[in-house]
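> Handing you this structure, nothing more for now.
The values are calculated or read from the model by the stated rules, or taken from the named source; none is laboratory data. Predicted model only: the values in this text are computed from it and were never measured. Ideal geometry is used to build each Cβ from the backbone, glycine not excepted, and the neighbour counts take in all protein chains shown.
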Amino acid sequence: MNPEPALLVIAPLAEGFDLTHFPWSQAATERISVNSAKFSELDMLEVIVDGMPFLLSRFTTVAIDEISHQSAIGVTPRGILTSGQHLPEIIHRILLLGKWIGDSLAATTVALMPSGDIVSFEYFDEVVKDYLAGKPLPSSFLGAFPDA
C-alpha cells in the first residue's frame with residue numbers, strides 16, 4: 001500500500017495525458033531518472049531524484065474544499081523515504097519535484113497533504129524558491145511533512 005502523497009500539483013491535464021511522456025524541463029532532466037516500466041499499466045511513474053525514489057500518480061479528479069473535478073499529479077516518497085520525509089533533504093526533493101511538475105504543466109494550485117491546505121502555484125513557487133535558498137518553510141507547509 002502506498003502512503004498518501006505529500007503534495008498534489010493541480011493542473012489542467014488533457015484527457016489522454018500520459019505520465020510516461022511527461023514534459024520535464026531541462027533542469028529536471030539533469031537531476032532525475034525515470035523508471036517508466038515499473039508501473040506500465042497504471043497512471044504512476046517512479047522518479048529518482050538525486051538517488052531518492054518518488055512515486056508520481058495521476059489523479060483524474062481531486063475534491064479538496066473548493067477544488068473539485070480537476071486533475072492532479074501526486075508526489076509520494078517511496079521506500080525508506082516514507083519514514084524520513086521530515087528530513088530537510090527529502091523535503092527539498094519533494095518541493096523541487098512539485099515545482100518542476102507545476103512549471104511543466106502550468107499548474108494552478110498545490111494541495112499540501114495530508115493537511116489538505118491549498119495554495120496557489122504562484123505562492124508555492126515563491127516559497128520553494130525561498131526554501132531552496134535557505135529560508136524556513138512557512139508553518140502552513142509543515143503539515144505536508146510529519147515531524148518537520
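> Take Asp117 and decide whether it is surrounded by fewer than 21 Cβ atoms within 10 Å (Cβ to Cβ) and modelled with pLDDT of 90 or more.
Taking the combined requirement at face value, the residue does not satisfy it.
> Separate question: Exactly one condition in (1) assigned to a loop (DSSP other than H, G, I, E, B); (2) modelled with pLDDT of 85 or more; (3) touching a Ser or Thr at 6+ places or on another chain (Cβ under 6 Å) is false for Pro3; which is it?
(2)
> Restricting the search to segment 126-145, which residues are under 23 Å from Thr61 (Cα atoms) and either of a type in the set (Val, Ile, Thr) or more than 12 Å from the chain's Cα centre (by Cα) (or both)?
Once the filter is applied, which keeps residues that are under 23 Å from Thr61 (Cα atoms) and either of a type in the set (Val, Ile, Thr) or more than 12 Å from the chain's Cα centre (by Cα) (or both), segment 126-145 yields Phe141, Gly143.
> Another question about this same structure. For segment 40-114, list the strands (runs of 3 or more DSSP E) that sit wholly inside it and hold at least 2 residues that are under 21 Å from Lys135 (Cβ atoms) and modelled with pLDDT of 75 or more; which are they?
109-112
> Next question. When segment 132-148 is examined, which residues are found to be touching a residue at least 12 places away in the same chain (Cβ under 8 Å) and surrounded by fewer than 19 Cβ atoms within 10 Å (Cβ to Cβ)?
Correct list: Leu132, Leu137, Ser140, Gly143, Pro146, Asp147, Ala148.
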